[in-house]
Every structure is written in C-alpha cells, then in structure tokens.
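Enquirer: One structure coming up, written as structure tokens, with questions to follow.
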Amino acid sequence: RRKSAHHGSFGMSLHPEFQGLGIGRAMLESLLEWATANPRLEAVRLQVHAKNEKALALYRSVGFQEEGREHDAVKTGDRVYDHVVLMSKTVG
C-alpha cells in the first residue's frame, strides 16, 4: 500500500429525488477539502459512467481531468454497454 498511499479513490451517488439540489457538489467539496488537508494525499481519483453527463460536468467544474476510458466496461442491458471514464484531480 505504501506505493499507492499518495492517492485515493471514491464513489458517490444520490437518489434521483435529491439530484440537482447541490447536495452532490457539497459532498464533493467536503471530500476535496479533507483530501487537500491530508498531507499524505497527492491526488483523488474516480470512475464515472460516460453517459452520466451531469456527473462529468460536476467533476470537471471542480478540476477533475479525464485520464482515460474503459470501453464497454459496464453492461446496462442486453447488449447495451457504457464506457467508464477515469478521472483524477491533484490535491497535494
């Protein structure tokens, strides 16, 4: 773990009833505040479905950058797939 202790990853989701109210942004900002204050962390990473445009916009708005994609990583139906976008943000 010593070789990867300089970065952390997270995931979050909100019930559709609570989306669009600023709760996700508040959760994300709180996480980033904590990560920035943690002297051990240098970067935060995440994975998000490519079709989740609202989440992608939120992550980009706080400085996350796309690092790559895993094509057809998620199967959402019979022969229906979505890519996973890998993103990171430097915090340290």
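Enquirer: So which pairs qualify, if the first residue must be in segment 7-32 and farther than 17 Å from Ala57 by Cα, the second must be open to solvent by less than 50 Å² (accessible area, probe 1.4 Å) and among the β-branched types (Val, Ile, Thr), the Cβ gap must be under 6 Å, and the two must be at least 6 apart or on different chains?
Expert: Short answer, once both residue conditions are applied: Gly8/Val44.
Enquirer: Same structure again: Collect the residues in segment 1-31 that are assigned to a loop (DSSP other than H, G, I, E, B) and open to solvent by 90 Å² or more (accessible area, probe 1.4 Å), keeping them in residue-number order.
Expert: Within segment 1-31, Arg1, Ser13, His15, Gln19, Leu21 qualify.
Enquirer: Provide a single number: the residues in segment 46-66 that are open to solvent by 80 Å² or more (accessible area, probe 1.4 Å) and part of a loop (DSSP other than H, G, I, E, B).
Expert: Total satisfying the criteria: 1.
Enquirer: For Ala43, indicate whether it is modelled with pLDDT of 95 or more, open to solvent by 60 Å² or more (accessible area, probe 1.4 Å) and small (Gly, Ala, Ser).
Expert: Spelling it out, it is not the case that Ala43 is modelled with pLDDT of 95 or more, open to solvent by 60 Å² or more (accessible area, probe 1.4 Å) and small (Gly, Ala, Ser).
The values are calculated or read from the model by the stated rules, or taken from the named source; none is laboratory data. Model, not experiment: these values are computed from the prediction. FYI the Cβ positions are ideal-geometry reconstructions off the backbone, even for glycines, and counts take in every protein chain you see. For accessibility, only protein heavy atoms count, side chains too; no ligands or nucleic acids. Shrake-Rupley method; radii C 1.70, N 1.55, O 1.52, S 1.80 Å.
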